[in-house]
Amino acid sequence: MHILLVNDDGPPCRRLSPYVQPLVTALQEAGHLVSVAIPAASRSWIGKAHIIEAPLKATYVLPAAFRNDGTWDETYTATELEDRTPEPEWVVIQNGTPASCVQLGLFNLFTDRPPIDLVISGPNHGRNASTIYNLSSGTVGGALEAATCGKRGIAVSFGSKDEQPMDIILAAARLAVRIIHHLVENWDERVELYNLNIPMRLDVETRPVLYTRTLPYYWSRGYLYAEVNGGKAPPVLANGTHEPESLNGEPLTNGKTLTNGASTNGVKKSGFKERDFKWSAELTDMKKALQASEEGTDAHTVLNGSTSVTPLCANFWYVPGLEGPLHLS
């Protein structure tokens, strides 16, 4: 098969995107042609978004050029590596999202290669189980974008954000390839995308693989954002602008550009009341709910050491029985 692989964690990186290279290698060793299109930076929690005001720049990078921190050595060239075994094609997209990587990967970036048979989105650095995660996940969003482009999509998540030894990562990658083969060969035509969650454990290949349903979960209060500076405005800079000091708990790289591509330049102090918030996800209650989830759900399955495969449709389905005129009082 010719497989397009996208993700939401960005280029290979020990801290943020440790799983993508092993899965690409496992797919290639299984005999597949793999084309990779990934965002230049992490795009977690972005769903199926396209950042329409941000231009996209695609850079073709040889896999050997990637460093461990998500950057790459630009001195590597195709000419220097001509004598090596052909490697899968990797494209890094500035301002890219999983959805835009799918669009460009399917229709623009690999036109000199055979048609793409399957889109794999992931492997995500952590689980994507329950409605909250699935509707927010850039990984699931990439597979959803594939479905809306008429392609089969599989979202793959490796269920831990803790650093894992390589033997566990390789076991998860091997199992993912086996499951992908099975799903493709036995694809249920009612399914538009599958959401796959693999627990990170050394014996994962001997554990059950189960079809599951999505655990329903909803926010009961504001868990995702915290007000900064106690409601006070952030410091005003000499040029009359003020900027957030961090995003996702980390300093902005240059103090000017947010991870969603938006710029904070030119935000002038005004007389209007202003309040500042930052991403500060408090997921303790959610984790408790996932731990208490019912058997047969994606969350219960992966948290109990088995692999979860959730068949999904790429739509927000209407409620039957409410067709016809709306009678207003």
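Applying 1/(1 + (r/R0)^6) with R0 = 22 Å to the Cβ-Cβ distance of residue 166 and residue 287 gives a FRET efficiency near 0.25.
In the calculated pair-distance distribution of segment 1-157, the portion above 24 angstrom amounts to 25 percent of the Cα-Cα pairs.
For residue 202 and residue 54, a Förster radius of 51 Å and the Cβ-Cβ distance give a FRET efficiency of 0.80, rounded to the nearest 0.05. Couplings for segment 167-173, taken from phi via the Karplus curve 6.51 cos²θ - 1.76 cosθ + 1.60 with θ = phi - 60°, read 5, 6, 4, 5, 5, 5, 5 Hz in order; Gly and Pro are left as x.
For the pair residue 211 and residue 295, label points projected 7 Å from Cα toward Cβ lie 1.8 nm apart.
Convex hull volume per residue, computed on the Cα atoms of segment 9-72, equals 109 Å³. Taking the convex hull of the alpha carbon positions in segment 282-329 and averaging its projected area over all directions gives 6.9 nm². For residue 277, nonlocal amide neighbours, meaning residues 5 or more places apart or on other chains whose placed amide H falls under 5 Å from its own, are 228. Applying the criteria of a DSSP loop state and at most 10 other Cβ atoms within 10 Å to the GluC sites (Glu not before Pro) of segment 274-321 yields 294, 295.
For segment 287-313 and segment 106-151, write down the distance between their C-alpha centroids in whole Å. Centre-to-centre distance over Cα atoms comes out at 21 Å.
Accessible area of residue 161 (1.4 Å probe, protein heavy atoms only, ligands and nucleic acids ignored): about 140 Å².
Applying 0.36 nm per residue to the separation of residue 71 and residue 25 and subtracting their alpha-carbon distance, the gain on full extension is 14.6 nm. Residues whose amide H falls under 5 Å from that of residue 46, counting only those 5 or more places apart or on a different chain, are 138, with hydrogens built in the peptide plane.
Between amide H atoms placed 1.01 Å from N, distances below 5 Å from residue 36 occur with 5, 89, 90, 91, all of them 5 or more places distant or on a separate chain.
With N counted as the residues of segment 93-242, its alpha-carbon radius of gyration over 2.2 N^0.38 Å works out to 1.31.
The values are calculated or read from the model by the stated rules, or taken from the named source; none is laboratory data. Here the structure is a predicted model, which is why all the values come from computation and not from measurement. Cβ: placed from backbone, ideal geometry, glycine included. Neighbour counts: every protein chain shown. Please note that ligands, DNA and RNA were not included when accessible areas were found on the heavy atoms of the full protein model with its side chains. Shrake-Rupley method; radii C 1.70, N 1.55, O 1.52, S 1.80 Å.
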